[in-house]
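The values are calculated or read from the model by the stated rules, or taken from the named source; none is laboratory data. Values in this document were obtained by computation on a predicted structure and should not be read as measured data. Glycine gets a Cβ as well: all are built from the backbone with ideal geometry, and neighbour counts include every protein chain shown. Each accessible area value is taken on the protein alone, full model and side chains, heavy atoms only, with ligands, DNA and RNA left out. Shrake-Rupley method; radii C 1.70, N 1.55, O 1.52, S 1.80 Å.
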Amino acid sequence: MTFRLSAPAAIAIALAALAPACTTTRPVAPASTPVPAATPEVRTVPERFVSAESPQDELDSLATWTTEDGATWLIATAKSAHRLVVFDADTGRRLRDVGGEGSEPGQFDRPNGIAVYGDYVFVVERDNHRVQVLSLPDFAPVGTFGTKELRSPYGIWLTETEPGELEIYVTDSFMYGKKFDEVPPLAELDQRVRRYRVQFDQAGRLRATYAGSFGDTSQEAALRMVESIAGDPGNDRLLIADEDRRHESTLREYSFSGKYTGRSLPEKSFGAEAEGVALWSCADGGGYWIAVDQLAPLTIFHLFDRATLAPRGSFEGETTAHTDGVALHAASTLAFPNGALFAVHDDKSVSAFDLAEVARVLQLSPGCAQ
């Protein structure tokens, strides 16, 4: 198999959150700078579609991929069904299912996080304790990594550091107790995020190297229950969701080196669990972080300034609730000329929001929806 980065896929990656380093770098506010409180006003942005329900799947995380003919796939992990589900990103129509329960190549055990790079899809399997890599469009198995280190992996984010070379971050939310609901001792929470360096050779073979783990271990700021993670190479910033509401559920800021900066999103930004997070990069180098507040009957999506993390608005749909994962696709598609935000609805379907409509309703920078 020869590695290739198709032109449509390259365009999608360049415009989406996986490669914001291509935009103009904006300064990061000093760690001592207080972040203003979030705005309480929530506006409504109707969904463009909500797919047919499939409660048996227990959908969790999302990623997009652009085919050679210009179509866009929305790929979802289905935890309970141990498979991937592929949707038409323009209509929400279910196209195919991939895999099934097991530990062999092409099979999955509790798939959770997912990410796409070029013509490869990376799938985090909680109960196989690995990241499996498959090639697109056929979902042919390429290889796995992480089995020696990962204990209960959930989320994934990746960035290209050199052509064909990736730095990959995987959240590892192992827990203790008979019900697996006991947070490990503080001293062990420096293993909450694990880092890998991954390369593909000219034949498409995978080579992965473990590069260590990190996580703050202080009582005030330790990462207790982790899943979603996303990054901004242009500002040396990782945002990591801590879902433990027994302490404080929020997104905490780390540098790419794994150092906690001392900052998190504004206090009381989230009424429920802080979940999916994505970076909306704009043509002028600015942009917005979109973070999920996992509420019912309606999920709230909070937007924060890319550089300062100051709140810039919040919205909800008319149906979407209890969201886990999101995927931001900033490239143009047939139905979404200005891009789309995709979200999981109540573990059983996927929904789509037009980014142009989000920008209009929240009065965001025009450069983000052109």
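The table below lists the values:
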{"item": "Residue 138 open to solvent by 10 Å² or more (accessible area, probe 1.4 Å), without any contact (Cβ under 8 Å) to a residue 12 or more places away in the chain, under 21 Å from residue 73 (Cα atoms) and out of contact with any Gly (no Cβ under 8 Å at 6 or more places or on another chain)", "result": "yes"}
{"item": "Count of the stretch 54-74 residues which are exposed (fewer than 14 other Cβ atoms within 10 Å of the Cβ) and within 17 Å of residue 322 (Cβ to Cβ)", "result": "2"}
{"item": "Meets criteria (part of a loop (DSSP other than H, G, I, E, B), in contact (Cβ under 8 Å) with a residue 24 or more places away in the chain and under 19 Å from residue 51 (Cα atoms)) for residue 80", "result": "yes"}
{"item": "Any hit, the stretch 188-204, residues being exposed (fewer than 14 other Cβ atoms within 10 Å of the Cβ) and under 21 Å from residue 243 (Cα atoms)", "result": "no"}
{"item": "Criterion violated by residue 334 - all others in (1) surrounded by fewer than 24 Cβ atoms within 10 Å (Cβ to Cβ); (2) assigned to a strand (DSSP E or B) satisfied", "result": "(2)"}
{"item": "Every residue from the stretch 155-169 that is of a type in the set (Ser, Thr, Tyr) and either open to solvent by 50 Å² or more (accessible area, probe 1.4 Å) or out of contact with any Asp or Glu (no Cβ under 8 Å at 6 or more places or on another chain) (or both)", "result": "161, 169"}
{"item": "Boolean, residue 143 is at pLDDT 95 or above, surrounded by 21 or more Cβ atoms within 10 Å (Cβ to Cβ) and assigned to a strand (DSSP E or B)", "result": "no"}
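Residue by residue, here is whether (1) modelled with pLDDT of 95 or more; (2) surrounded by fewer than 23 Cβ atoms within 10 Å (Cβ to Cβ); (3) under 19 Å from residue 93 (Cα atoms); (4) under 20 Å from the mean Cα position of the chain (by Cα) holds:
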site	(1), (2), (3), (4)
325	yes, no, yes, yes
340	yes, no, yes, yes
348	yes, yes, yes, yes
362	yes, yes, no, no
370	no, yes, no, no
